[in-house]
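**Q** My questions will all concern the structure given below.
The values are calculated or read from the model by the stated rules, or taken from the named source; none is laboratory data. These numbers come from a predicted model, not from an experiment. Virtual Cβ from ideal backbone geometry, glycine too; neighbours counted across all protein chains shown. Please note that ligands, DNA and RNA were not included when accessible areas were found on the heavy atoms of the full protein model with its side chains. Shrake-Rupley method; radii C 1.70, N 1.55, O 1.52, S 1.80 Å.
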Amino acid sequence: MEENRNFASRVIPPAEKTGRAWWFAFQGDKLLVHQETDRVSIPLLADFTELRLPVLRQHYLGHLDGGHCYTVELAGGITLPGGMTFEGLRHVYGRMDEDLFWVAGRAVQIIDWDRTHQFCGRCGIPTNLHPTDRARECPQCGLLNFPRLAPAIIVLVQRGHEMLLARARRFPTAMYSTIAGFVEPGETLEEAVVREVKEESGIAVKDVRYFGSQPWPFPHSLMVGFTAVYESGEITLGDEENIDAGWFSADHLPPLPGRISIARKLIDWFLEEQGKLP
Ligand SMILES: [Zn+2]
């Protein structure tokens, strides 16, 4: 897996704004972009006030290759300057600089966390931003709320020259992907792998090995990838999540997930192992 290249996460903004910064502006979970011919770009401005758009909240994110990055949330019902639109993050992947895309993935989660933790979950009174940490703090009881992350496992199960893929009910198209699911409280990642594969396919696995991880900001998951080896069992669709599952060889592939996902990186790893990566 690739490292996130040159991004340095920070909470406290620079004392002075020098030069232009990247501004990741959201309305809900939609990102404000400049439309170019077939690409999009992130506004690069000395200050967001240049756009004269009303801002609901603002956070400093850190810097990418020395360029400062901020995120803001915009109100609904505003008129955008010409050439600018809001787009869903999934739809801009591959159409903009990839480093900036993943910073946008950080940004949308910071905005969502800040929006949804305005009040203390214990006493119900308004919270304050912590002065130095990425946290909101209750002035009454001291409860700290950090940005939420939901760890999920995703696993490629191998049986000889075949891999286990499933078609989830939630997929809009006839796409097949690796088994995935959220980690439960009290569970290790490896236990989650074994449980999810069993629940979703009826298959028992062994040799669970770490593959790599990927932030998945839809809305706030961290995907932790594994490979595993078939041990026993026949495919049975256990829960309601999948409408089909099967063993696929490199020579007979179903429609696969897009290149944004760690699922595809796992599948490509398998194809490469088989000497069949196109
Ligand atoms: Zn409280």
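**Q** Select from the range 214-241 the residues that are in contact with a Gly (Cβ under 6 Å, 6 or more places away or on another chain) and under 20 Å from W269 (Cβ atoms) and list them in ascending order.
**A** P215, G225
**Q** Which one of V92, V72 is modelled with pLDDT under 95, open to solvent by less than 10 Å² (accessible area, probe 1.4 Å) and either away from the ligand (no atom under 16 Å from the Cβ) or under 14 Å from the mean Cα position of the chain (by Cα) (or both)?
**A** V92
**Q** Can you tell me which condition Q109 does not meet? The list is (1) open to solvent by less than 40 Å² (accessible area, probe 1.4 Å); (2) within 16 Å of the ligand (Cβ to nearest atom), and all the others hold.
**A** (2) is the only condition that Q109 fails.
**Q** Return yes or no: is G121 small (G, A, S), in contact with a Leu (Cβ under 8 Å, 6 or more places away or on another chain) and surrounded by 14 or more Cβ atoms within 10 Å (Cβ to Cβ)?
**A** For G121, the condition - small (G, A, S), in contact with a Leu (Cβ under 8 Å, 6 or more places away or on another chain) and surrounded by 14 or more Cβ atoms within 10 Å (Cβ to Cβ) - is not met.
**Q** Would you be able to say whether some residue in the range 162-177 is of a type in the set (G, A, S) and either at positive phi or within 16 Å of the ligand (Cβ to nearest atom) (or both)?
**A** No: the range 162-177 contains no residue that is of a type in the set (G, A, S) and either at positive phi or within 16 Å of the ligand (Cβ to nearest atom) (or both).
**Q** Among the residues of the range 1-17, is any over 25 Å from D133 (Cβ atoms) and either modelled with pLDDT of 95 or more or open to solvent by 60 Å² or more (accessible area, probe 1.4 Å) (or both)?
**A** The answer is yes; a qualifying residue exists.
**Q** Would you mind stating whether A166 is under 23 Å from Q274 (Cα atoms) and surrounded by 14 or more Cβ atoms within 10 Å (Cβ to Cβ)?
**A** yes
**Q** Please enumerate the residues belonging to the range 229-278 that are surrounded by fewer than 17 Cβ atoms within 10 Å (Cβ to Cβ), among the polar types (S, T, N, Q) and part of a strand (DSSP E or B).
**A** Correct list: S232, S249.
**Q** I'd like the residue in the range 121-149 that is in contact with an Asp or Glu (Cβ under 9 Å, 6 or more places away or on another chain) and within 9 Å of the ligand (Cβ to nearest atom) and, out of all such residues, is farthest from I12 (Cα to Cα).
**A** Only one residue tops the list, namely L143.
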